[in-house]
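Asks: Here it is, the structure, as structure tokens.
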Amino acid sequence: MNITRFAPSPTGYIHLGNVRSAIYPYLIAKQGDGRFILRIEDTDRNRYVAGATELIMETLKWLGLDWDEGVEKGGPHGPYYQSERRDIYHAYARKLIESGRAYADPTPAEVIDEYRKADNAAKIPFLYRNHRPTEEVAWEPGIPLRFKSEPKAVKWHDEVMGDLETGPEVMDDIILIKKDGLPTYNFAHIVDDYEMEVTHIVRGVEYLSSMPNYLAIYEALGIDHPKFVSLPHVLAPQGNKKLSKRDGAKSVIDYKDSGVLPEAMLNYLACLGWNDGTEQEIYSMSDLLKSFSIDRIQSSGARFDEVKLLWQNGQWIRKIFDEKGCDALYDYTVSRDHAAVSANAANPSRDSLIIFWPESAMNYDEAYRKKVLSIIYDRLKVLSDLREYTSYFFEDPRVDLEYLQSNKFMKKLSETEQRDLLTAAIEKLTAIDEWTADNLQSAFNELLEETGKKPAELFSLIRIAISYATFSPALHLTCEVLGKDRTLARLNATRSAIVNDL
């Protein structure tokens with residue numbers, strides 16, 4: 001049975017690389033009918049950010065990465081906050097002290113800094129084991145505890161990077177327990193993974209340089225280590241360095257709030273550094289559980305491409321509409337998160353939950369918003385595009401003749417021609433008894449024949465007059481949703497403005 005964990009630090013927003021380091025262990029656990037654990041590594045109290053743990057849990061829930069045990073849920077290996085596991089770490093620390101593999105080190109920080117400067121001046125690598133105290137001190141909380149290394153060459157296997165080895169020069173006397181009594185990551189994760197029976201450690205390649213020290217601690221404790229799965233960096237768009245905030249990297253929640261679907265984010269990040277050898281690009285969770293394998297994870301960095309993410313998001317918007325219908329897609333546009341939906345369970349369609357529609361949409365009922373969504377969805381890259389693409393469905397646009405005349409097709413028509421074409425359109429549409437898309441399309445086709453104008457000229461004039469937007473869906477569908485009275489009123493408003501301008 002595969003047992004994996006996601007063990008983030010609550011030090012700020014959860015970024016794309018973090019989330020990928022949650023997706024892969026989740027898939028490994030679920031493929032092996034195993035357990036996925038959420039553990040919070042909060043021993044660095046100086047970098048702790050209030051609310052970060054809640055943000056981590058919200059992100060995992062949004063992506064559908066539900067953990068089997070851990071924070072909030074509990075389980076047989078708790079507690080799941082490292083700051084609450086102090087006694088466990090101290091018990092393992094005493095084992096190392098008793099076996100002669102750890103020692104108390106009261107050396108002041110300024111003295112250690114002097115050692116470092118001296119080694120740098122002598123142009124030799126700084127290794128603390130070369131400055132190990134000669135006098136033994138009994139360890140107690142308040143005094144740092146160091147591992148007593150026994151440098152030697154080591155070899156190990158990484159499931160992604162293959163067989164690796166290093167010489168003795170990289171092993172050192174690293175700190176196990178800090179002055180505040182809390183463990184360092186270097187010690188805590190080894191104890192926790194052993195206690196929680198983790199079978200696969202999935203984390204970034206930046207930890208590879210510390211592997212010799214980790215292996216030495218495993219050996220000193222007399223415990224077996226899990227399988228190691230090292231993930232290459234997520235690279236900046238230029239592909240020349242690790243993605244960071246300086247490169248404009250946003251948090252996963254930022255993408256969520258802009259209208260990226262969880263399915264698309266999961267799909268994109270899972271494929272960022274992994275592929276199953278096919279040309280397939282759209283993967284559902286069930287697809288990933290069938291296709292994912294560790295041996296297909298790339299050993300080189302994967303370049304983050306926001307354009308590709310947004311393209312996949314557009315594909316998922318259409319996929320959900322086509323496979324599940326407009327109602328299913330609409331649900332994504334009106335609820336921010338699990339908590340919001342739960343808090344308003346008695347009234348799930350209340351307007352206060354709308355986040356991706358224009359504010360004016362709140363004046364219309366759900367049925368009307370769904371009609372708008374049904375003709376606009378295939379142009380959306382993110383759900384927040386609804387605010388820009390649909391505002392004219394909910395409020396009358398301001399007549400702007402300057403905007404109208406700037407259109408490349410309108411430059412071929414005089415204002416008199418524009419007036420006459422709008423008059424003909426108003427007369428033709430007024431005569432329609434049943435305001436349906438089919439009848440509207442027939443009327444527009446008749447107008448083309450009667451006026452002798454090109455579709456681009458006639459339809460651009462009508463489209464602008466009813467929307468004054470850079471984009472609108474097919475004209476007959478737009479008019480059908482707007483309704484007869486509003487369509488005619490807007491055509492008349494533009495016609496009147498042109499008449500007054502003549």
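Asks: Hey, can you grab everything whose amide H is under 5 Å from the amide H of Lys227? Only 5+ residues off in sequence or another chain; H modelled, so Pro and N-termini drop out.
Replies: His200, Ile201
Asks: Of Lys73/Lys256; Lys308/Lys371; Lys370/Lys484, which sit over 20 Å apart, Cα to Cα?
Replies: The answer is Lys73/Lys256; Lys308/Lys371.
Asks: Based on other C-beta atoms within 10 Å, arrange Ser467, Ser360, Ser251 from fewest to most.
Replies: Ser360, Ser251, Ser467
Asks: Additional query: Sequence neighbours fewer than 8 away in the same chain don't count; with that in mind, list the lysines whose C-alpha is under 19 Å from Lys411.
Replies: Leaving aside lysines fewer than 8 places away in the same chain, those within reach of Lys411 are Lys453, Lys454.
Asks: Further question on the same structure: If you work out P(r) over Cα pairs in 10 Å bins from 0, in percent from the coordinates, which of (1) 4, 18, 28, 24, 14, 7, 3, 1, 0; (2) 3, 15, 21, 19, 14, 10, 8, 6, 4, 1, 0; (3) 3, 17, 25, 24, 17, 9, 4, 1, 0 do you get?
Replies: Correct label is (2).
Asks: Residue separation times 0.36 nm, minus the C-alpha to C-alpha distance between Asp224 and Glu323: what's the value?
Replies: Extra length from Asp224 to Glu323 when fully extended: 30.9 nm.
Asks: Report the Cα centroid-to-centroid distance between segment 215-264 and segment 430-473 in angstrom, as an integer.
Replies: 51 Å
Asks: Can you spot the aspartates and glutamates whose alpha carbon is less than 19 Å from Lys242's alpha carbon? Ignore those fewer than 8 places along the same chain.
Replies: Candidates past the 8-residue exclusion: Glu206, Asp305, Glu306.
Asks: Between Tyr115 and Glu136, what is 0.36 nm times their sequence separation minus the Cα-Cα distance? Round to one decimal in nm.
Replies: Extending this stretch completely gives an extra 5.6 nm.
Asks: Moving on to the next point. Under a point spin-label approximation (7 Å from Cα along Cα-to-Cβ), what is the Lys73-Glu417 distance to one decimal in nm?
Replies: 6.7 nm
Asks: Run the simple label-point estimate for Ala50 and Arg486 please: 7 Å along Cα→C-beta, distance reported in nm.
Replies: That separation, rounded to one decimal, is 4.5 nm.
Asks: Now, a different point. Just to check I understand the Karplus step: with θ = phi - 60° and J = 6.51 cos²θ - 1.76 cosθ + 1.60, what whole-Hz values come out for segment 477-487, glycine and proline as x?
Replies: 6, 4, 5, 4, 5, 5, x, 5, 4, 5, 4
Asks: Just to verify a number: FRET efficiency for Met1 and Ile282, C-beta to C-beta distance, R0 = 22 Å, to 0.05?
Replies: In this case the efficiency is close to 0.15.
Asks: May I pose another question? Once you have the Cα-Cα distance between Asp438 and Glu98, take 0.36 nm times their residue separation minus that, and quote the gain in nm to one decimal.
Replies: Between Asp438 and Glu98, full extension yields an extra 113.8 nm.
Asks: Where in segment 40-71 does the label zone of Lys250 land, with the point 7 angstrom along Cα→C-beta and an amide N cut-off under 20 Å?
Replies: 55-64
Asks: Here is a further query. Antiparallel as a % of all DSSP beta bridges within the chain, to the nearest 5?
Replies: Of those bridges, close to 50 percent are antiparallel.
Asks: Would you mind checking segment 216-239 for residues with the amide N under 17 Å from a putative spin-label position 7 Å along Cα→C-beta of Asp163?
Replies: Backbone N within reach: 228.
Laboratory data are not the source of any read-out in this text; all were calculated from the coordinates shown. In this text, all values refer to a predicted model and were calculated from it rather than measured experimentally. Counting neighbours? That spans all protein chains shown, and the Cβs are built from the backbone with ideal geometry, glycine included.
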